Amino acid sequence: MEGPWYYIFYLYGVFVDAFSLCEDPVKLQASELNRDQYLGRWLFVAAASSSPSSLRTFTSLDSTLFSMTQSNDAEHLQLRAAIRLKTGQCVPKSWIYLLKEGSADLATEGRPHMKTELFSAKCPDSIIVQETDQDYHRILLYSRVLHPVEDCIEDFKDKASCLGMEEFLLIPRTQESCEFQDV
């Protein structure tokens with residue numbers, strides 16, 4: 001039997017949802033990605049998650065430069081990274097994203113449980129990537145510019161908060177970026 005408190009809490013929840021400042025981010029369809037707009041160089045700016053362990057892999061980074069290129073296969077995108085650790089060391093990495101016809105997400109070659117989703121960001125020179133795997137769920141902010149305006153970072157923090165991701169990490173980017181190397 002449901003008492004009056006049930007209905008009061010229900011109405012309160014409806015009221016709070018109606019006036020929530022959270023907006024659903026606009027998801028980009030990976031299979032329909034405007035490659036002219038999203039291929040090229042990107043800088044890793046920030047990460048957010050609901051748990052510190054999901055961000056631990058990024059705490060030793062100073063900066064990361066990414067290059068997204070089209071491979072010979074139309075359904076493959078090549079992602080290269082030039083990672084600068086806080087120690088100054090450069091570490092190259094490489095991934096292949098798989099685009100599947102009709103799929104909204106990117107699959108990562110060799111990582112069958114990983115799901116990558118792309119979302120538009122407030123600033124036109126930025127993109128938000130959501131990564132989900134068995135051990136983590138996080139969102140990442142990438143930008144074409146080294147130091148995006150504060151509004152872009154605040155918008156990212158707001159989106160993270162709306163997704164229940166209160167752990168936030170701003171990548172320092174205090175050292176010069178590494179150059180791309182063969183992996």
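The values are calculated or read from the model by the stated rules, or taken from the named source; none is laboratory data. A quick note: this is a predicted structure, and the numbers were derived from the prediction, not measured. In this analysis, Cβ positions are derived from the backbone assuming ideal geometry, glycine residues included, and neighbour counts consider all displayed protein chains.
In the list THR64, THR69, which residue meets the criterion of being more than 17 Å from the chain's Cα centre (by Cα) and either free of Cβ contacts under 8 Å to residues at least 12 places away in the same chain or in a strand (DSSP E or B) (or both)? So that I can check it myself, show each step before the final result.
Numbers: THR64 fails: more than 17 Å from the chain's Cα centre (by Cα).
Step by step, each of THR64, THR69 is checked, and only THR69 is more than 17 Å from the chain's Cα centre (by Cα) and either free of Cβ contacts under 8 Å to residues at least 12 places away in the same chain or in a strand (DSSP E or B) (or both).
Filter the stretch 138-147 for residues that are farther than 19 Å from THR116 by Cα and under 15 Å from the mean Cα position of the chain (by Cα) and give the result.
Within the stretch 138-147, the subset farther than 19 Å from THR116 by Cα is 144-147.
ARG144, the sole residue that qualifies.
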Seminar exercise, completed: Here the residues within the stretch 92-124 that are closer than 22 Å to LEU146 by Cβ and without any contact (Cβ under 8 Å) to a residue 24 or more places away in the chain are PRO124
Exercise. So, in the stretch 1-53, of the ones that are exposed (fewer than 13 other Cβ atoms within 10 Å of the Cβ) and among the small types (Gly, Ala, Ser), which residue ends up modelled with the lowest pLDDT?
Worked result: ALA18
Exercise. Going by the structure shown, is ALA121 farther than 21 Å from SER54 by Cα and surrounded by 14 or more Cβ atoms within 10 Å (Cβ to Cβ)?
Worked result: yes
Exercise. Within the stretch 69-89, can you find the residues that are surrounded by 15 or more Cβ atoms within 10 Å (Cβ to Cβ) and within 12 Å of GLU179 (Cα to Cα)?
Worked result: ARG80, ALA81, ALA82, ILE83, ARG84
Problem set entry | Per-region count, the stretch 148-183, residues over 12 Å from ASP62 (Cα atoms), in a loop (DSSP other than H, G, I, E, B) and either under 17 Å from the mean Cα position of the chain (by Cα) or at pLDDT 95 or above (or both) | 5
Exercise. Does ASP135 qualify as being surrounded by fewer than 14 Cβ atoms within 10 Å (Cβ to Cβ) and assigned to a loop (DSSP other than H, G, I, E, B)?
Worked result: yes
Seminar exercise, completed: Note on the stretch 145-160: residues of a type outside the set (A, V, I, L, M, F, W, C) and without any contact (Cβ under 8 Å) to a residue 60 or more places away in the chain are HIS147, GLU150, ASP151, GLU154, ASP155
Seminar exercise, completed: Only one of ALA81, ALA104 is under 23 Å from ALA160 (Cβ atoms), under 17 Å from the mean Cα position of the chain (by Cα) and outside any strand (DSSP E or B), namely ALA104
